[in-house]
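Data first, discussion second: the structure below is written as structure tokens.
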């Protein structure tokens with residue numbers, strides 16, 4: 001009898017332990033499910049939609065030439081006094097150098113002076129060349145393939161850049177040749193560049209970008225656009241949520257895509273964190289990009 005009671009007691013204890021374990025696991029599971037099932041809204045970066053400039057371009061290279069220059073050849077032993085010319089700016093009529101016979105070398109234009117030695121046997125071993133360059137404007141002669149003949153015209157904007165600078169310069173097409181070179185199938189155009197700060201020097205190799213078909217359109221960053229098959233869409237911010245909005249896109253320039261339909265200027269869109277959101281989902285704006 002006692003043995004039977006002990007067995008019953010042991011079974012009851014085992015049952016209570018098993019039941020308690022199952023119940024504990026169940027309630028612990030409910031606790032964690034409740035705690036982690038509600039995920040915080042993803043953090044995103046948004047930007048206000050605005051208009052941007054979109055265009056097509058022709059890219060080539062050319063060498064910098066001063067808009068006007070003069071060359072003076074003199075002999076070193078004929079110079080009176082110290083010759084001060086390298087990097088010196090002169091105006092028209094200024095004295096560049098005085099010779100021992102009291103003759104003066106006069107600047108015929110305004111510009112910056114420079115010099116280069118003459119190779120032996122050309123004008124004598126003691127000769128040099130003084131250069132005077134008007135650098136307020138720089139000229140670049142470029143050759144463009146003939147298939148752009150109907151596009152090239154005077155006045156088209158140009159962007160000039162070089163690996164030597166961290167900025168670009170503005171210019172325009174001053175003239176276009178009336179003939180196509182039959183040997184190269186190209187047409188010659190002259191680009192005039194503003195060099196009022198005298199950064200560009202003659203002889204530099206410059207990258208030239210001719211701008212055409214320029215237009216102002218609503219633009220959005222490429223990072224905000226998702227393309228799935230034939231569908232293109234962005235996420236437009238609507239209070240604390242986002243709306244998946246289909247758009248029609250056009251040109252691309254500098255990381256931006258023009259939007260022809262589907263979004264308006266002033267709308268706020270998700271530009272970073274796009275992969276973390278869904279239509280009608282809540283978001284947390286962690287940063288708003290400046291315009």
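The values are calculated or read from the model by the stated rules, or taken from the named source; none is laboratory data. The structure presented is a predicted model; accordingly, all values stated were derived computationally and were not measured. A quick note on method: Cβ atoms are made from the backbone with ideal geometry, for glycine too, and the neighbour counts reach across all protein chains shown.
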Output the number of residues of segment 95-109 satisfying the condition of being in a loop (DSSP other than H, G, I, E, B) and in contact with a strand residue (DSSP E or B) (Cβ under 7 Å, 6 or more places away or on another chain). 3
Residue check for residue 46: in contact with a strand residue (DSSP E or B) (Cβ under 6 Å, 6 or more places away or on another chain), at pLDDT 90 or above and exposed (fewer than 11 other Cβ atoms within 10 Å of the Cβ): no
Looking only at strands (runs of 3 or more DSSP E) that lie completely in segment 208-272, which have at least 2 residues being over 30 Å from residue 152 (Cα atoms)? 226-228, 231-238, 241-246, 268-272
Report every pair of residues separated by at least 6 positions or lying on different chains whose Cβ atoms are under 7 Å apart, first residue within segment 139-159 and in the same structural domain as residue 198 (by TED's automatic domain parsing), second part of a loop (DSSP other than H, G, I, E, B). 143/184; 144/152; 145/185; 146/185; 159/168
May I ask you to verify whether residue 138 is assigned to a strand (DSSP E or B), in contact with a strand residue (DSSP E or B) (Cβ under 7 Å, 6 or more places away or on another chain) and modelled with pLDDT of 95 or more? yes
Consider only pairs whose beta carbons are under 7 Å apart and that are at least six residues apart or on different chains; among these, list those whose first residue lies in segment 106-131 and is within 21 Å of residue 198 (Cβ to Cβ) and whose second residue is in a loop (DSSP other than H, G, I, E, B) and modelled with pLDDT under 70. 129/118
